[in-house]
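The values are calculated or read from the model by the stated rules, or taken from the named source; none is laboratory data. Only a predicted model underlies this, so the values are computations on that prediction, with no experimental measurement involved. The area values use the complete protein model at the heavy-atom level, side chains included, leaving out ligands, DNA and RNA. Shrake-Rupley method; radii C 1.70, N 1.55, O 1.52, S 1.80 Å.
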Amino acid sequence: MQNGRIQQEIAKLWAQSLGVKTVAPDDSFFALGGHSLLGVKLTAAVQQKLGLDVELSLTDLLEHPTLAEFSEHVAALAAGDDSGTI
């Protein structure tokens, strides 16, 4: 899956979870009102929606709190690169 497509899918899930219309790449999950319980639910939803073979955790979201950072991290994991950068 392309990185742009991954970011679009994650942005939709963030918007639904956070009750906002749109999410910009530099928006932080936590600044938009996210909290730890919602983060756990969101990472599970992202994992399921994208069909990832690797497990996402709240730590992934804490370490990569913006949409752009988190999407890049997820794309790297999906590509088999666990360094978190593309």
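Taking the Cα atoms only, what angle lies between the long axis of helix 3-18 and the longest principal axis of the chain, rounded to 10 degrees?
30
Give the accessible surface of the chain per residue, rounded to a whole number of Å², with probe radius 1.4 Å and ligands, DNA and RNA excluded. List each step's numbers first, then the result.
On the way: 4920 Å² over 86 residues.
With the other protein chains kept in place, the chain gives 57 Å² per residue.
Taking all protein chains as present, what is the carbon and sulfur share of the accessible area of the chain, in % to the nearest whole number, probe 1.4 Å? Walk me through the numbers on the way to the answer.
Values: 2430 of 4920 Å².
Ligands and nucleic acids excluded, carbon and sulfur reach 49 percent.
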